[in-house]
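Here is the structure we will look at.
The values are calculated or read from the model by the stated rules, or taken from the named source; none is laboratory data. For clarity, every value in this text was computed on a predicted model and none was experimentally measured. Cβ: placed from backbone, ideal geometry, glycine included. Neighbour counts: every protein chain shown. Just the protein is used for accessible areas: all its heavy atoms, side chains included, with ligands, DNA and RNA removed. Shrake-Rupley method; radii C 1.70, N 1.55, O 1.52, S 1.80 Å.
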Amino acid sequence: MSTNNVILEAEGLSKDFSGFRAVQAVDLAVRRGSVHALIGPNGAGKTTVFNLLTGFLRPSAGRIRFDGIDITGEPPMQVARRGMVRSFQISATFPHLTVLENVRVALQRKLGNSLHFWERESTLDVLNGRAMELLEAVDLGEFAQRVTVELPYGRKRALEIATTLALDPQLMLLDEPTQGMGHEDVGRVVELIRKVARDRTILMVEHNLSVVETLSDVITVLQRGSVLAQGPYAEVSKDPRVLEAYVGVESA
């Protein structure tokens, strides 16, 4: 695989916690413009890998490169400024602001402005046009003036994606984007991710294997902190080791 075609690369990524090795020598290469899924049974190390990649944890060993630059050990906000944004980093929505106001807050962060909630609302009106563009992109235009706490759960997740998009990331990391959703919301969010993926790269952790099958170009399967298998869904899903790892997981 051409180095220029890889936006995020991890080599030998490991993490120890008090003598316990939670992640063991993980190699990962995420291609530009792809949807790459990180899957595995509970306790496989998926969240730890996400935390390592985004700077919330410092690796015990290994290197991380983003867009050709070594970012190993950089703090989360520096990683986000480089263009790799994990949704919850900036999308903890304010429940008693409107949907539009939440996106404007995220746009202020992109501009590097302080969050001056006490300023007159008119001073932030310059952000309204872009905020509405982002809301339309995630099918929330009609909800712009709704107070966020009143949104259905699936729509709140769409708002999180809109606030993440406000930072104009090259690479979005989505952690369980359909967790806790009913069938209708899952379908809506899958279509939203598909739309977002046309213009950027996505790395996601997702338990719903039908979502993974629908969206992913490449899958990395983790088990006990190590890479068990990697490749397209059609190939990985037939791997006997993967089937064994998931025995009882889907039916549980």
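Please work out if residue 225 is touching a Ser or Thr at 6+ places or on another chain (Cβ under 9 Å), among the small types (Gly, Ala, Ser) and touching a residue at least 60 places away in the same chain (Cβ under 8 Å). Yes, satisfied. Which residues, taken from segment 56-73, are farther than 15 Å from residue 17 by Cα, at pLDDT 95 or above and open to solvent by less than 40 Å² (accessible area, probe 1.4 Å)? Matches in segment 56-73: 62, 64, 66, 71, 72. Every condition in (1) open to solvent by 10 Å² or more (accessible area, probe 1.4 Å); (2) in a helix (DSSP H, G or I); (3) not polar (S, T, N, Q) is met by residue 79 except one, and the failing one is (1). If only residues of segment 224-233 that are in contact with an Asp or Glu (Cβ under 9 Å, 6 or more places away or on another chain) and either of a type outside the set (A, V, I, L, M) or over 18 Å from residue 30 (Cα atoms) (or both) are counted, the one that is most open to solvent (accessible area, probe 1.4 Å) is 230.
A count restricted to segment 211-223 and to residues that are open to solvent by less than 10 Å² (accessible area, probe 1.4 Å), out of contact with any Gly (no Cβ under 8 Å at 6 or more places or on another chain) and at pLDDT 95 or above stands at 1. Annotation: of all residues in segment 83-103 being assigned to a helix (DSSP H, G or I) and either modelled with pLDDT under 90 or of a type in the set (Ser, Thr, Tyr) (or both), the one that is farthest from residue 52 (Cα to Cα) is 90.
Within segment 43-55, being open to solvent by 20 Å² or more (accessible area, probe 1.4 Å) and under 12 Å from residue 205 (Cβ atoms) holds for 47, 48, 51.
Tallying residues that are in contact (Cβ under 8 Å) with a residue 12 or more places away in the chain, in a helix (DSSP H, G or I) and either buried (at least 22 other Cβ atoms within 10 Å of the Cβ) or more than 17 Å from the chain's Cα centre (by Cα) (or both) within segment 197-210 yields 0. Scanning segment 82-102 for residues that are of a type in the set (A, V, I, L, M) and buried (at least 19 other Cβ atoms within 10 Å of the Cβ) returns 84, 85, 90, 99, 100.
When segment 23-37 is filtered for residues that are under 15 Å from residue 228 (Cβ atoms) and either of a type in the set (S, T, N, Q) or open to solvent by less than 60 Å² (accessible area, probe 1.4 Å) (or both), the ones remaining, listed by number, are 23, 24, 25, 26, 28, 37.
Flag: residue 40 matches the condition of being farther than 15 Å from residue 201 by Cβ, buried (at least 20 other Cβ atoms within 10 Å of the Cβ), in contact with a helix residue (DSSP H, G or I) (Cβ under 8 Å, 6 or more places away or on another chain) and not polar (S, T, N, Q).
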